[in-house]
Amino acid sequence: MAAHARSRDVALIGRSASTWQAAVAALSGSTMVGFMPLLARRLYADGLSAPSMLFWRYDLAIVALAAAALFMQLDLRRILRGGGWRIVLLGATLGAAQTLCFWESLKTLETSIAVLLFYTYPAVTLVLDRLIVKQPIRPVAVLCIAMILGGAALITLPGLRGGTIDLRGLFWAIPSPLIYSLYLAINSRLLRHYPPLIGAGGLFLGMAITFSAIALFLGLDMPAHPASWVLIVLIALGPGALTMTLFSYSVPKLGATGFAILANAELVTVVVIGTLVLGEEITPGRAIGGLLIVAGIVTHALARRDAAHAPKSAPRPIPVGGTWKTKVS
């Protein structure tokens, strides 16, 4: 019985450590994605359209991921024939759709409105987990999501007060959180069967295929200056290949809702960059909103840790064949 208890404790410690590693991966990747609006803004100023920027991001990232897969001696053909094609299909459809919806909405919709609509996706993900996979809704998850939504509202409130709603932008923005929530829900189960590098490569390959087709149809914008090429490479490697690898590692371990909550570190990064780099004003509302988002993330992380370390019910003896053995409930 003692040996069984020790093995159970070792397994529990291993799961806890794996969860924290996944949480750190999710936070790191989301922080890098928080730099995307600043980098994309500069590329737009150089004349690149959103589809062209995304084309360069995914096509250059897939080259880096393919090189890494070859270095790791992964048999890509065997993996694709064995079901890996489903990851590519997911990237080409839902992955490309949610990305295009968000970035296209920013063209005509006030940034604050687009961001606030998109950051409803943790709540949508929670509902989908309940409706589709019948996962019970934990009160602490509801509390954390409410804190994050409240923080996002406070951060975007100044823009909402003076902004006007453009119907074209609203058309692009409304589907984005639902598509992204479905994308997370499917990935949280599909990617469990593949190494993170395969998940990242498959998703980006699908997105690269879609945006290459769009570029052929709409035309492809070329960066006009060497500095723009540097930004493109940075986007492809940092918020691109590396972030997607961290995503593919963390989502299966955290689940769709867990990842959706932690990924809101992206919004905090956007606020910090806007303040330090773009000189945006820090208002009490924005400060409180940022703190609410951080508090929601930390509360969720601590709740997961406490759940992982929660003791099992005490062993109780039961009579079997006239002797007493121990049964663990």
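The values are calculated or read from the model by the stated rules, or taken from the named source; none is laboratory data. Since the structure is predicted, the reported quantities are computational estimates derived from the model, not experimental observations. Heads up, the Cβs are rebuilt from the backbone with ideal geometry, glycines too, and the neighbour counts pull from every protein chain shown. Only protein heavy atoms, including side chains, enter the accessible area calculation; ligands, DNA and RNA are left aside. Shrake-Rupley method; radii C 1.70, N 1.55, O 1.52, S 1.80 Å.
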Q: Could you sort 124-132, 212-220 so that the peptide with the highest average Cβ count within 10 Å comes first and the rest follow in order?
A: 124-132, 212-220
Q) Where the only charges are on Cβ atoms (+1 Lys, Arg; -1 Asp, Glu), what is the dipole of segment 137-278 about its Cα centre, to the nearest 20 debye? A) 400 debye
Q) Each residue of segment 181-194 in turn: what ³J(HN,Hα) in whole Hz from Karplus with 6.51, -1.76, 1.60 and θ = phi - 60°, glycine and Pro shown as x? A) 5, 4, 4, 5, 4, 5, 5, 4, 9, 5, 6, 4, 9, 9
**Q.** Under-5 Å amide H pairs with GLN135, H placed in peptide plane, nonlocal only
**A.** ARG130
Q: May I ask you to give the percent of accessible area on segment 43-129 that is carbon plus sulfur, with a probe radius of 1.4 Å?
A: 67 percent
Q.
Quick check: net charge around MET32, other residues with Cβ under 15 Å of its Cβ, Lys/Arg +1 and Asp/Glu -1?
A. 0
